[in-house]
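The values are calculated or read from the model by the stated rules, or taken from the named source; none is laboratory data. Because the structure is predicted, anything quoted here is derived from the model rather than measured. So basically every Cβ, Gly included, is an ideal-geometry build from the backbone, and we count neighbours across all protein chains shown. What goes into the accessible areas is simple: the full protein's heavy atoms, side chains included, and nothing from ligands, DNA or RNA. Shrake-Rupley method; radii C 1.70, N 1.55, O 1.52, S 1.80 Å.
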Amino acid sequence: MNNKDIAIVGLGYVSSLGSGKETFYNKVDQNLPTTKMETYDPDGFLGKRGLRYFSKATKMYCNLAFQCINQNKVKNVVELSKERVGLYDGTELSNIEDGFVFDLVAKHDGPELVSPMSTPNTIANAAASQMAIQSKITGPNFSINGGTCSAIQAIDVASMHLKDGVVDCAIVCSTETISKYHEAIREGEKRKTKLPIANEYGASIALERVETALENGQEIYGVIAGVISGQTYKDQSRENLMATLIQELLNNNQFTVEDIDMIMVGSGAHNISGTTLSSEIASQLGETPSLFFPEMIYGNGDNAGGLASILYTTGLFNEQLKDVRGQFNDGEIQIDAVAATPKNVIVATIDKTGYAVLTLIRKYN
């Protein structure tokens with residue numbers, strides 16, 4: 001185990017079904033449907049005062065972050081030195097409704113009639129900043145806007161800060177919200193997919209260096225062993241890029257294709273052809289590990305799929321989940337369950353711009 005490896009020590013999830021990792025596992029196991037959320041802080045972590053002007057994405061982010069902090073001794077690390085805790089938001093579009101409403105009121109009624117209390121919700125870093133205020137965390141505070149790659153890209157930044165000793169703990173969250181503005185953007189993209197559209201939900205993880213987690217006697221749900229990213233060049237296909245990055249990720253970590261139990265296209269599956277990707281991987285690596293599209297279960301969204309797939313992976317590692325759904329077989333995405341107890345998983349994300357971010361997740365011990 002490399003002492004630079006990053007331990008996953010906290011897991012969070014929230015949707016219309018409730019909150020907590022167990023809720024996520026139940027959703028996956030039973031393929032439970034979700035709807036638009038009625039409350040974005042079901043655990044009441046934020047209290048009752050001052051919430052009127054919080055955006056739903058901000059409420060959801062704070063709930064997810066508090067979930068991670070209030071488990072597995074993460075709170076002990078946070079309370080020890082709040083200036084060495086980082087907050088990272090891997091979300092691009094969740095506040096877009098608030099931005100549109102702000103602009104429309106300004107245009108229709110005049111800038112002087114826009115509520116100043118609405119202003120924070122138009123700022124890209126509103127959610128993570130509000131969490132910093134609520135928790136008095138004063139470390140790095142980032143929002144990463146990378147489309148469907150946002151969540152994994154946020155993990156990359158957080159991992160870099162942990163490895164460089166900038167922070168001792170990193171909380172990474174990503175959220176999906178729904179509005180007519182989101183629907184209009186998806187229609188404008190002419191998104192073609194047979195995948196179900198994601199309803200509102202969010203996912204989060206808490207990260208520490210492995211050595212820190214061991215010193216604190218914390219349970220390690222999984223290990224972030226490596227992250228890699230890339231952009232298509234000239235006429236390069238997205239599938240070819242992803243296969244190339246998979247090969248580089250394996251080489252960088254002294255892995256072979258035989259070491260990989262599965263590849264999850266965790267977010268952005270609508271941006272690639274499963275058949276072509278399978279062919280490209282086989283061409284470059286000699287064979288294709290089991291290829292899964294978990295968006296079949298939690299829906300095709302804009303931000304959080306990569307992070308939800310990491311929750312999915314840790315559930316398999318620790319046997320809270322016994323099956324994997326959304327396997328790719330014979331050119332079709334199927335939802336048949338198959339037995340799997342993986343030790344090494346690649347979670348891949350790909351944006352419509354041809355930008356991809358992949359991470360290698362290892363089972364701890």
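See the values below:
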| item | result |
| --- | --- |
| Residue list for the range 175-214, restricted to those being under 24 Å from LEU11 (Cβ atoms), open to solvent by less than 60 Å² (accessible area, probe 1.4 Å) and charged (D, E, K, R) | GLU176, GLU200, GLU208, ARG209 |
| The range 345-361 residues that are farther than 15 Å from ASP259 by Cα and among the hydroxyl-bearing types (Ser, Thr, Tyr), paired with ones that are part of a strand (DSSP E or B) and open to solvent by less than 10 Å² (accessible area, probe 1.4 Å) (beta carbon under 7 Å, 6 or more apart) | THR349/GLY266; THR349/SER267; THR349/ALA356; THR349/VAL357 |
| Matching entry among ILE137, ILE152 (being part of a loop (DSSP other than H, G, I, E, B), crowded, with 18+ Cβ neighbours inside 10 Å, of a type in the set (Val, Ile, Thr) and at pLDDT 90 or above) | ILE137 |
| Qualifying residue in the range 137-144 (condition: over 20 Å from the mean Cα position of the chain (by Cα) and either farther than 22 Å from ASP5 by Cα or of a type in the set (Lys, Arg) (or both)) | yes |
| Single residue of the range 62-75 satisfying the filter (in a loop (DSSP other than H, G, I, E, B) and open to solvent by less than 50 Å² (accessible area, probe 1.4 Å)) that is nearest to GLU215 (Cα to Cα) | ASN72 |
| Those helices (runs of 4 or more DSSP H) lying entirely in the range 257-333 with at least 1 residues open to solvent by 40 Å² or more (accessible area, probe 1.4 Å) | 274-285, 295-298 |
| Residues of the range 240-256 that turn out to be part of a helix (DSSP H, G or I) and touching a strand residue (DSSP E or B) at 6+ places or on another chain (Cβ under 9 Å), as a count | 9 |
| Matching residues, the range 20-48, being closer than 12 Å to LYS59 by Cβ and surrounded by 13 or more Cβ atoms within 10 Å (Cβ to Cβ) | MET37, THR39, TYR40, ASP41, PRO42, ASP43, PHE45, LEU46 |
| Failed item, numbered, when ASN145 is tested on (1) closer than 27 Å to GLY274 by Cβ; (2) part of a helix (DSSP H, G or I) | (2) |
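Residues are listed down the side, and each one gets a yes or a no for (1) basic (Lys, Arg); (2) assigned to a helix (DSSP H, G or I):
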{"position": "VAL14", "(1), (2)": "no, no"}
{"position": "PHE24", "(1), (2)": "no, yes"}
{"position": "THR39", "(1), (2)": "no, no"}
{"position": "ASP43", "(1), (2)": "no, no"}
{"position": "LYS48", "(1), (2)": "yes, no"}
{"position": "LEU51", "(1), (2)": "no, no"}
{"position": "ALA57", "(1), (2)": "no, yes"}
{"position": "MET60", "(1), (2)": "no, yes"}
